[in-house]
Amino acid sequence: MKALGNYKLDENGNAVRCEDFMEWAAWFETFDRHVARDEVRRWLVSTIFLGVDHRRDPNVGLPVLWETMVWDAEHEVQLCRRYTSQADAFVGHQEVVDVLRTWDKDLRELEHIAGLEAPQKELKHD
């Protein structure tokens, strides 16, 4: 069975397209996809490898395969940011953590700070 837009990570952490859906599913089920996780004051910041390309148009640009999300104490998603490389995901995660360490306003106002966006709006693809 052919997979559309499914990826796994090789031994060096590089994303590799996986054409076989069953192979991808077996990998996805067992692999730890977490890139980084931090608790910052009242928020949980988590960055993961998605394993599925989240581009709007699969014919334009690089695959969007990593994501940082921020949850509040009520487990509501407050922020989402997506990336095309693991290196950008690491940097993006740290940027979010750094902003949240001193942030004292509603997260919806973050769209004006460091390129971060609230999830109810269009997601940013770095």
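The values are calculated or read from the model by the stated rules, or taken from the named source; none is laboratory data. Values in this document were obtained by computation on a predicted structure and should not be read as measured data. In this analysis, Cβ positions are derived from the backbone assuming ideal geometry, glycine residues included, and neighbour counts consider all displayed protein chains.
Computed values, structure above
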| quantity | calculated |
| --- | --- |
| Criterion (within 30 Å of ASP104 (Cβ to Cβ), out of contact with any strand residue (DSSP E or B) (no Cβ under 7 Å at 6 or more places or on another chain) and among the β-branched types (Val, Ile, Thr)) met by exactly one of VAL77, VAL45, VAL40, VAL35 | VAL40 |
| Criterion (of a type in the set (Val, Ile, Thr) and surrounded by fewer than 12 Cβ atoms within 10 Å (Cβ to Cβ)) met by exactly one of VAL45, VAL60 | VAL60 |
| Scope the range 10-35; condition surrounded by 17 or more Cβ atoms within 10 Å (Cβ to Cβ) and within 16 Å of the chain's Cα centre (by Cα); matching residues | ALA15, PHE28, VAL35 |
| ALA73, sole failed condition from (1) closer than 22 Å to VAL99 by Cβ; (2) under 12 Å from the mean Cα position of the chain (by Cα) | (2) |
| Condition check for TRP66: without any contact (Cβ under 8 Å) to a residue 40 or more places away in the chain and surrounded by 19 or more Cβ atoms within 10 Å (Cβ to Cβ) | yes |
| Qualifying residue in the range 72-92 (condition: modelled with pLDDT under 85 and on the phi > 0 side of the Ramachandran plot) | yes |
| Residues of the range 2-27 satisfying the condition of being more than 21 Å from VAL91 (Cβ to Cβ), touching a strand residue (DSSP E or B) at 6+ places or on another chain (Cβ under 7 Å) and of a type outside the set (Asp, Glu) | ALA3, GLY5, ASN6, LYS8, VAL16, ARG17, CYS18, PHE21, TRP24, TRP27 |
| Conditions (1) outside any strand (DSSP E or B); (2) within 17 Å of ALA87 (Cα to Cα); (3) within 14 Å of the chain's Cα centre (by Cα); number of the one not met by LEU62 | (3) |
| Any pair with Cβ under 9 angstrom, 6 or more apart, that starts in the range 34-62 at a residue that is farther than 20 Å from GLY13 by Cβ and ends at one that is of a type in the set (Lys, Arg) and part of a loop (DSSP other than H, G, I, E, B) | GLY61/ARG55 |
| Hits in the range 69-87 (condition: outside any loop (DSSP other than H, G, I, E, B) and surrounded by fewer than 17 Cβ atoms within 10 Å (Cβ to Cβ)) | TRP71, VAL77, ALA87 |
